1. What number goes with the only condition from (1) open to solvent by 80 Å² or more (accessible area, probe 1.4 Å); (2) closer than 24 Å to Arg4 by Cβ that Pro158 does not pass?
2. Do you know which residues across region 49-70 are open to solvent by less than 10 Å² (accessible area, probe 1.4 Å), more than 20 Å from Val146 (Cα to Cα) and among the aliphatic types (A, V, I, L, M)?
3. When region 109-123 is examined, which residues are found to be under 18 Å from Glu167 (Cβ atoms), within 13 Å of the chain's Cα centre (by Cα) and of a type outside the set (S, T, N, Q)?
4. Looking at Trp89, Trp83, Trp164, Trp100, which is the one that is more than 14 Å from the chain's Cα centre (by Cα), crowded, with 16+ Cβ neighbours inside 10 Å and touching a residue at least 40 places away in the same chain (Cβ under 8 Å)?
5. Tell me which residues, restricted to region 140-155, are open to solvent by 70 Å² or more (accessible area, probe 1.4 Å) and closer than 17 Å to Gln128 by Cβ.
6. For residues in region 30-43 being assigned to a loop (DSSP other than H, G, I, E, B) and without any contact (Cβ under 8 Å) to a residue 40 or more places away in the chain, which is surrounded by the most Cβ atoms within 10 Å (Cβ to Cβ)?
7. Is it fair to say Asn46 is surrounded by 15 or more Cβ atoms within 10 Å (Cβ to Cβ) and closer than 26 Å to Leu136 by Cβ?
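The values are calculated or read from the model by the stated rules, or taken from the named source; none is laboratory data. If you're wondering where the values come from, they're calculated on a predicted model, not measured in any experiment. Here the Cβ is made from the backbone with ideal geometry for all residues, glycine too, and neighbour counts use every protein chain on show. Surface accessibility is based on the protein's heavy atoms, side chains included, excluding ligands, DNA and RNA. Shrake-Rupley method; radii C 1.70, N 1.55, O 1.52, S 1.80 Å.
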Amino acid sequence: SINRNWGGWPLEDLRLGFAAAAAQNPLVDTSNACAAGASYGGYMINWIAGNWPDGFRCLINHAGIFDLRAMAFETEELWFDEWDHGGPWWSRDPQARERWNPVNHVQNWRTPTLVIHGEQDFRIPYSQGLAAFTALQRRGIESRLVMFPDEGHWMSKPQNSLLWQREFFGWLEKHLKK
């Protein structure tokens, strides 16, 4: 469902699913939740920040795409980008190519966000995480950037994995009610 519709149906599914979970389970507190995602999920965190800015108390973005246009020229994984968006960047419908781009919605961002990225990530280059963090900082939004100079798309080293988890759960503890 994300093919040529990155921020559309998936965001609708998340909103409806979150509401349904809360309606069916009294333990789900929609006023005390954090959204987290990695890779495409990290893209979705940036999309949520601009298109559902009051949906969560905090956000966690691991290796997420911030600017689809830059991503189309930076990634070593061209197949996904071109398949998901209908071909090379320059061959796309001008309106469609920007429709799902998180960078176009930064003016709506207001949720505290933790950004995590590996500097050896060639699938979603670390410049995407750095750009998201810079946008957060320039907007005056509480944010934290955690870069791993010796990691790629995922944390593979045990000590880095432990640090990743400390950062992740520390952000949740800081922003969610006890």
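1. So the condition that Pro158 fails would be (2).
2. Result: Leu68, single match.
3. Residues satisfying the conditions are Pro112, Leu114, Val115, Ile116, His117.
4. Numbers: Trp89 fails: touching a residue at least 40 places away in the same chain (Cβ under 8 Å); Trp83 fails: crowded, with 16+ Cβ neighbours inside 10 Å; Trp100 fails: more than 14 Å from the chain's Cα centre (by Cα).
So the residue among Trp89, Trp83, Trp164, Trp100 that is more than 14 Å from the chain's Cα centre (by Cα), crowded, with 16+ Cβ neighbours inside 10 Å and touching a residue at least 40 places away in the same chain (Cβ under 8 Å) is Trp164.
5. Arg144, Pro149, Trp154
6. For region 30-43, the residue satisfying everything is Thr30.
7. Values: surrounded by 15 or more Cβ atoms within 10 Å (Cβ to Cβ): yes; closer than 26 Å to Leu136 by Cβ: yes.
In short, yes.
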